[in-house]
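> Have a look at the structure that comes next, please.
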Amino acid sequence: MLHSFGLTWEMAYMDSAVSNGGLMLASILLINTFRYYLPRKERYGFILGLCATVAVVWLFLTRAILLSFASVDFEKLYTDSVYLRLTFAFLILGCMALLSVLWYTLKDQQQNEQRKAEAEKLAKEAELFKLRQQLHPHFLFNSLNSINALIGSRPQEAREMIQKLSDFLRGILKKEENQWISLSEELQHLQLYLDIEKVRFGHRLTTTIDAPEKIGELRIPAMLLQPVVENAIKFGLYDTTDTINISISAENTNEQLIIRVKNPFDPATSLPQKGTGFGLSSVKRRLYLLFARTDLLETATEDNLFITSIKVPQQ
Amino acid sequence: MKKAIIIDDEPLARSIVKEYLAFYPQIEVAEECNDGFQGVKAIQQHQPDIVFLDIQMPKINGFEMLELIDEPPAIIFTTAFDEYAIRAFEAHAVDYLLKPFSRERFSKALDKWLSQSATNQQKVATESLLQSAAHSPSQSERIVVKTAGRIKIIPLHEIQYLEAADDYVKIFTAEGNYLKKKTMSYFEDVLDPKQFVRTHRSYIVNIQQITRIDAYEKENQVAILTSGVKIPVSKNGYIKLKSVLGI
């Protein structure tokens, strides 16, 4: 086409090569920009502006290149066609920009959706895990097994056990993670758990709870003690073959509710790294989340007693 | 008359097995045991035909108890463990009963055993049960041995080294040494390879105990432990040792 305007073939090829090559480079530049930076929806004006700027830059560059080895004729032709060239470049670049913005937005959305789905899956798994933990499958099935045995020989006791197990489970379902309850409520719930365990283990397990009545109204995060006592029972029952006593005591010192859980253990066979207990890390984590302190749960050993103490600041 | 032993730390769990067993007049309950220690004694004393065994028990678990018995009898596990945990052992025990179990389910397990016992398949089965039980979690942190009629639990970190001794392996700790009827390759397989290295055909060493490695003869080295004991290190053993120690 350029040839028909009286240009030499050589010059026509040169012009189209430099112009189109420059346009291609500019397009690649734009596409790459949008790969790393995607403007928000309301900023389409910005995209157009960017295209216009790039088109102008392209125009000056191609002009400089072409005129450096062109005749006067060509210069005239170029000046005549400058608006046409600019519009053409602007349209091409605009199309490229819109296409790439569309493409990358789509990709971004897909990635977002994938991320969201993954996050949801993780959250669901965590929740399921928590539910499973709360239901204490080992405890539950062993309790049911004890009930099964009681039904034949001592049906009255079986009924009592079913009642206690139901109350205990209902308590778990009712209480929310960040709910605060009174110490006496927490101890009541704990008593259900202890009663069930006593039926399971018979004479091997005894418990003492020592909490003065006047501190019954102190506040405590719901279900904080159960995992500690569960840990003490496991530790005590599975680490010795004798009868064991779990003692739980509570006191109020300097506006802090202090609860101590003691269980016997065998210093000869317990591994030192087990000293922090199996289930205690989650309690520690919970206390940290509530109070941003790591010193609220402490463990100590005294002869063959393992002592877990928990401090609950009263706000 | 066949003899049964029930081993479970929960009295009611034992009583339900006994109750279900009452429907089998050809089986008598020779003894009920609270834990694995009593279990070992009772099995040696009564030589039962079948053992109902709980897994989670005081001091030593059901698998560890089985390890202490020279010729383990047929085993039916009774456990509240979930199926995943027990699946690995499923193939080798006669059966496993998930608590709580019905009389029908119990009878199914027992009938399976009664029909098997005619063909004498159990011994092989219980042997391979022990092989797969070796990788149960508690056994990755301790070893249970019998010594002069007593049962001793050795935490792994207390082991200094192991030495081959004919059909046995001698386990050395600061307190003394103990024999266990196993092979060196069994321990090489079971112990954590980052902590225990087989430095020689006849030796496995706890690397925490090594203070120095000296040249000995041409291609051989010797590892010196904190206790002063010298352990031979073969050419291959030295290569393994170096890679574990990162030198």
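> Of B:Gln44, B:Gln38, which residue is touching a residue at least 24 places away in the same chain (Cβ under 8 Å), within 12 Å of another protein chain (Cβ to nearest Cβ) and open to solvent by 10 Å² or more (accessible area, probe 1.4 Å)?
Selected residue: B:Gln38, the only one of B:Gln44, B:Gln38 that is touching a residue at least 24 places away in the same chain (Cβ under 8 Å), within 12 Å of another protein chain (Cβ to nearest Cβ) and open to solvent by 10 Å² or more (accessible area, probe 1.4 Å).
> Could I ask something else about it? So which residues in the range A:236-250 are out of contact with any strand residue (DSSP E or B) (no Cβ under 9 Å at 6 or more places or on another chain) and assigned to a helix (DSSP H, G or I)?
The one that is out of contact with any strand residue (DSSP E or B) (no Cβ under 9 Å at 6 or more places or on another chain) and assigned to a helix (DSSP H, G or I): A:Tyr238.
> Say whether the condition of being open to solvent by less than 20 Å² (accessible area, probe 1.4 Å) and more than 14 Å from every other protein chain (Cβ to nearest Cβ) is met by at least one residue in the range B:13-31.
yes
> How many residues does the range B:156-198 contain that are of a type in the set (Gly, Ala, Ser) and closer than 23 Å to B:Gln221 by Cα?
3
> Can you confirm whether the range A:191-206 contains a residue that is surrounded by 19 or more Cβ atoms within 10 Å (Cβ to Cβ), of a type outside the set (Phe, Trp, Tyr) and more than 22 Å from B:Pro100 (Cβ to Cβ)?
Looking through the range A:191-206, none of the residues is surrounded by 19 or more Cβ atoms within 10 Å (Cβ to Cβ), of a type outside the set (Phe, Trp, Tyr) and more than 22 Å from B:Pro100 (Cβ to Cβ).
> Also, I was wondering about something else. Test A:Ala268 against the criterion of being at pLDDT below 85, over 34 Å from the mean Cα position of the chain (by Cα) and not hydroxyl-bearing (Ser, Thr, Tyr), and give yes or no.
Judged against the criteria, A:Ala268 is a match.
> Here are some residues: A:Leu93, A:Leu169, A:Leu99. Which one is within 30 Å of A:Thr33 (Cα to Cα) and open to solvent by less than 50 Å² (accessible area, probe 1.4 Å)?
Exactly one residue qualifies, and that residue is A:Leu93.
> So which strands (runs of 3 or more DSSP E) stay within the range B:169-222 end to end and still have 2 or more residues that are on the phi < 0 side of the Ramachandran plot and surrounded by fewer than 20 Cβ atoms within 10 Å (Cβ to Cβ)?
Details: elements: B:177-180, B:196-200, B:203-206, B:210-215.
By residue number, B:177-180, B:210-215.
> Another question, then. Hey, can you tell me all the residues within the range A:47-70 that are modelled with pLDDT under 80 and out of contact with any helix residue (DSSP H, G or I) (no Cβ under 9 Å at 6 or more places or on another chain)?
A:Ser68
> Which residues, taken from the range B:200-225, are over 28 Å from the mean Cα position of the chain (by Cα), over 19 Å from B:Ala164 (Cβ atoms) and touching a residue at least 24 places away in the same chain (Cβ under 8 Å)?
B:Ile213, the sole residue that qualifies.
The values are calculated or read from the model by the stated rules, or taken from the named source; none is laboratory data. Treat the numbers as computed from the prediction; the structure is a model and nothing was measured. Positions of Cβ are generated from backbone atoms using ideal geometry, with glycine treated the same way; all protein chains shown enter the neighbour counts. When the accessible area is computed, the model is the full protein with side chains, heavy atoms only, and any ligands, DNA or RNA have been set aside. Shrake-Rupley method; radii C 1.70, N 1.55, O 1.52, S 1.80 Å.
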